[in-house]
1. In the list SER75, SER128, SER87, SER95, which residue meets the criterion of being modelled with pLDDT of 95 or more, out of contact with any helix residue (DSSP H, G or I) (no Cβ under 8 Å at 6 or more places or on another chain) and of a type in the set (Ser, Thr, Tyr)?
2. Starting from the range 94-115, keep only residues that are free of Cβ contacts under 8 Å to residues at least 40 places away in the same chain, then list their pairs with residues that are β-branched (Val, Ile, Thr) and assigned to a helix (DSSP H, G or I) whose Cβ atoms are within a distance under 6 Å, requiring at least 6 positions of separation or different chains.
3. Please work out which residue is farthest from the chain's Cα centre (by Cα), limiting yourself to the range 97-134 and to residues that are loosely packed, with under 14 Cβ neighbours inside 10 Å and within 30 Å of ALA27 (Cα to Cα).
Amino acid sequence: MSPRLLLALTPFLFASFAHAAVDCANANDQSTMNQCSAEQYKAADKELNVLYQQITKRLKDSPDAKKLLVSAQRSWVAFRDAECEFSASGVTGGSVYPLIYANCLTGVTKVRVEALKEYLKCEEGDMSCPVPGA
């Protein structure tokens, strides 16, 4: 490998190490706080997607209910995005925008996570719950 190519690739070699070394508990600069808030949102979104997949599996024998869930989730995503764009609109263009926007995404997503968890707690025979028990 040529020294020039190795030199050009050096930042990419260390990028993953720098990413892993972020101390979110002691973040004291805007860039780090933005990165940490984005990571918090990713974690909340990952949990949301796991729960959503669990619910869709339970609805495999009910295509109409599954279709309603998909529609509700799409509407919820549109709401989440619009709500957070509005919530962060006071700082649009500023360095704090990614932090405010990601914090909103995280908060709204955590509320949805709790709603999906409740669907997964449905007991057999509960007519008010659209998701069959496990």
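The values are calculated or read from the model by the stated rules, or taken from the named source; none is laboratory data. From a predicted model like this one, the values you see are computed outputs, not experimental measurements. Positions of Cβ are backbone-derived with ideal geometry, glycine not excepted, and every protein chain shown enters the neighbour counts.
1. Working: SER128 fails: modelled with pLDDT of 95 or more; SER87 fails: out of contact with any helix residue (DSSP H, G or I) (no Cβ under 8 Å at 6 or more places or on another chain); SER95 fails: out of contact with any helix residue (DSSP H, G or I) (no Cβ under 8 Å at 6 or more places or on another chain).
Only one candidate passes the filter, namely SER75.
2. Correct list of pairs: TYR97/VAL91; ILE100/VAL91.
3. GLU114
Here is a yes/no grid of residues against (1) in contact with a helix residue (DSSP H, G or I) (Cβ under 9 Å, 6 or more places away or on another chain); (2) modelled with pLDDT under 95; (3) assigned to a helix (DSSP H, G or I); (4) more than 30 Å from ALA134 (Cα to Cα):
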residue	(1), (2), (3), (4)
THR10	no, yes, yes, yes
PHE17	no, yes, yes, yes
ALA43	yes, no, yes, no
GLU47	yes, no, yes, no
ILE55	yes, no, yes, no
PHE79	yes, no, yes, no
ASN103	yes, no, yes, yes
THR109	yes, no, yes, no
GLU114	no, no, yes, no
